[in-house]
Amino acid sequence: MSRLLWIAVMAIIPIDCAPLDMPEEAAQYQRDITTARCEEWFGHAVAMGWEVEDLPTLDRIMWNESRCDPTAHGGNAEYGDHGLTQVYWRVWAPLVMKLGYEREDLYHPAVNLLVARLIADDAESRGWCRWQPWAASGQYGCEVTS
């Protein structure tokens with residue numbers, strides 16, 4: 001990833017972890033779905049490049065993985081899962097560090113959702129289901145292959 005893109009991403013990451021206001025299209029989408037549990041993080045998700053159509057599945061992932069808690073961690077504190085989408089540090093540390101972040105930054109909702117989007121994009125670029133990296137907590141529309 002180019003340094004210029006990294007600087008652009010850093011410029012849009014808010015300093016605090018408070019929920020962001022949503023763009024109107026995401027806010028309307030939120031009003032249209034009644035099953036959302038983590039909608040307070042939809043503003044961050046859209047700001048980090050998630051498509052509005054991804055929000056229902058992303059919402060299920062955030063609920064199943066962290067119960068919408070950006071400070072959640074699972075497994076080993078050093079190598080385990082971190083943040084809203086439970087990014088697995090042992091696997092994704094090189095990506096996180098390439099972006100200029102550290103493990104603790106995964107507890108910031110915007111950083112976590114940016115990294116999660118890049119993980120989903122990576123899965124899709126490999127011909128996998130976009131949601132495959134989270135298949136352990138739910139199928140999310142992915143076909144199970146043996």
- line: Subset of the range 126-146, residues within 13 Å of M62 (Cα to Cα), part of a loop (DSSP other than H, G, I, E, B) and small (G, A, S), comes to G138
- line: Within the range 108-125, the count of residues that are more than 11 Å from L95 (Cβ to Cβ) and touching a helix residue (DSSP H, G or I) at 6+ places or on another chain (Cβ under 6 Å) comes to 6
statement: Quick count over the range 82-125, residues being outside any helix (DSSP H, G or I), among the hydrophobic types (A, V, I, L, M, F, W, C) and over 22 Å from G141 (Cβ atoms), is 1
task: Could you run through the range 47-67 and say how many residues are free of Cβ contacts under 8 Å to residues at least 40 places away in the same chain and more than 12 Å from L113 (Cβ to Cβ)?
output: 6
- prompt: Just one of the numbered conditions (1) within 17 Å of the chain's Cα centre (by Cα); (2) modelled with pLDDT of 60 or more is not true of T34; which one?
  reply: (1)
query: Among the listed residues A45, A36, which satisfies the condition of being in a loop (DSSP other than H, G, I, E, B), open to solvent by less than 60 Å² (accessible area, probe 1.4 Å) and among the aliphatic types (A, V, I, L, M)?
result: A36
Flag if E53 is assigned to a loop (DSSP other than H, G, I, E, B) and open to solvent by 60 Å² or more (accessible area, probe 1.4 Å): no
field: Residue pairs meeting the criteria (Cβ under 6 Å; at least 6 apart or on separate chains; first in contact (Cβ under 8 Å) with a residue 24 or more places away in the chain, in the range 111-126; second surrounded by 19 or more Cβ atoms within 10 Å (Cβ to Cβ) and β-branched (V, I, T))
entry: N112/T85; V115/V87; V115/V96; A116/T85
field: Number of positions in the range 120-146 that are among the aliphatic types (A, V, I, L, M) and either at pLDDT below 90 or open to solvent by 50 Å² or more (accessible area, probe 1.4 Å) (or both)
entry: 2
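The values are calculated or read from the model by the stated rules, or taken from the named source; none is laboratory data. Just so we're clear, the structure is a prediction, and the values are computed from it rather than from any experiment. All Cβ positions, even for glycine, are placed from backbone atoms using ideal geometry, and neighbour counts span all protein chains on display. Each accessible area value is taken on the protein alone, full model and side chains, heavy atoms only, with ligands, DNA and RNA left out. Shrake-Rupley method; radii C 1.70, N 1.55, O 1.52, S 1.80 Å.
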